[in-house]
1. Using the structure shown, select from K119/K183; K213/K278; K82/K326; K86/K119 the pairs with a Cα to Cα distance greater than 27 angstrom.
2. What distance in nm separates the two pseudo spin-label positions at I398 and E138, each 7 Å out from Cα along the beta-carbon direction?
3. Please compute the contact order of the chain in relative form: average sequence separation of alpha-carbon pairs under 8 Å and at least six residues apart, divided by the residue count, as a percent.
4. If the reach is capped at under 20 angstrom between alpha carbons, list the aspartates and glutamates near K408, excluding any in the same chain fewer than eight residues apart.
5. Is the stretch 71-110 rounded, prolate or oblate when judged by the Cα gyration tensor, a ≥ b ≥ c being the square roots of its eigenvalues, rounded requiring a/c under 1.5 and prolate requiring a/b larger than b/c?
6. DSSP loop trypsin sites (Lys or Arg not before Pro) in the stretch 83-173 with at most 14 other Cβ atoms within 10 Å of their Cβ, which ones?
7. Just rank F165, F88, fewest to most, by other beta-carbon atoms within 10 angstrom.
8. State, to one decimal in nm, how far the label point of K86 lies from the label point of D62, with both points 7 Å from Cα in the Cβ direction.
Amino acid sequence: MLQVPVREHSSQASTKAVILVGGPSRGTRFRPLSLDVPKPLFEVAGHPIIHHCLKAVAKVPDVREVLLVGYYDETVFRDFIKDASKEFPQFRISYLREYTALGTAGGLYHFRDAILKGKPERLLVLNADVCCSFPLGEMMRLFEEKDAEAVILGTRVSNDAATNFGCIVSDSHTKRVLHYVEKPESHISNLINCGVYLFATECIFPAIRSAIKRRTTRPRLLSYPSSDNLESSFVAVGDDEDAEKSEVLRLEQDILSDLADSNRFFVHETKDFWRQIKTAGSAVPANALYLQKAFQTESPELTAPSATIVPPVYIHPTATVDPTAKLGPNVSIGPRVVVGAGARIKDSIVLEDAEIRHDACVMHSIIGWSSRVGAWARVEGTPIPIGSHSTSIVKHGIKVQSITILGKECGVGDEVRVQNCVCLPYKELKRDVANEVIM
Ligand code: GDD
């Protein structure tokens, strides 16, 4: 158990935020979309995924700096940071690049000097690949009320889905985390880790340091059950030297279960929406959830409802949509997209420069950059049940993607029907296809 001093609050308590963006070797399940854009920059509801995280952080009054931590190339986030810095002048945004994947806690530790610069009292850590309403204000309040060393955001999922996530056993009255297990083999709780944390800086870094010390005295596993490498084999580390050399540290396996041994680790359970953005198809429910949230909060970015606009719908100002086309609900139309007369689009994302010709129908799908859907064509997926955390379905005994995805510059011929397919970039579909990956 970690012994930490009770905090004395200065009058200028401040918070720093870290967004864990990962790197190109992760997010492979986001293909074919991640072939053309790094997953954190993929647009849902009109904005890059990490823009939604920044927007939430911007509501926390005392954040002056946000650090994107990952192992993408230096240049990847340059334009995004330039634009976001104008939109969120209240904080400085920078990218810190890990020389290799250091794990969800390894990166924090590696950049501890940058994070601790300015002596922030609290550290917000957000996984970039989640979509939620980020109730950071509520987490802050719980943190202060309990004089916590850590607060984790939790949500309830079905018993079947729970073991795919970090599972939390808590005291429902005190909200104290009693036990934490990352992706347990059998059911322990359906309250799961949403990938959003608030830490006392004076606690989290000593906790990581203790984990590093522990690994020098205890042989351990180098590979973890991340949902990206569930099938990869585990590498046992036999000697201390190897263990010390490896800087890979995971918050979930190496730190959180130990924090649960202290009595100052709490969970804020959100009743609002939450989803992971792992597979490319999961961008469609994320798009719907963010659009619905924007609609509830009367965001001026959304298109006004009308006979042909079933809200919520986002249309980029540079897109051209024929007034007889019917759009919505849950539709995002990207820059310079052209939608022809009589087209029907529902529960879908249409990316930059794509064209949907007249009388075509697009449902539960993602239409890639500069792709074309011909006249009277149908591109469709299968609706995913509300509350499902999976984007695959079983059709005729075969597991297929529920969302149809056309990669960059694909073409669907006039009157062609595409159902539950994933189509890699630059393919021309001239005949009907169903339940296929088109390579
Ligand atoms: N900087 C950095 N470096 N980021 C990383 C690294 C790394 O080496 N590895 C992963 N990340 C980022 C990913 O980009 C993602 O945003 C987040 O950390 C978590 O990714 P995974 O390690 O793949 O974990 P997971 O998604 O399978 O599970 C985590 O998230 C779930 C909620 O979505 C765990 O925290 C679970 O407990 C949790 O339920």
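Quick note: the coordinates plus some simple rules give every number you see, no bench work behind them. From a predicted model like this one, the values you see are computed outputs, not experimental measurements. Positions of Cβ are generated from backbone atoms using ideal geometry, with glycine treated the same way; all protein chains shown enter the neighbour counts.
1. K119/K183; K213/K278; K82/K326
2. Here the answer is 4.3 nm between the modelled labels.
3. 13
4. D36, E43, D347, E352, D353, E355, E380, E428, D432, E436
5. oblate
6. When the trypsin sites (Lys or Arg not before Pro) of the stretch 83-173 are filtered for loop state and at most 14 Cβ neighbours within 10 Å, K117 remain.
7. Placing the least packed residue first, the sequence is F88, F165.
8. It works out to 3.2 nm between the two label points.
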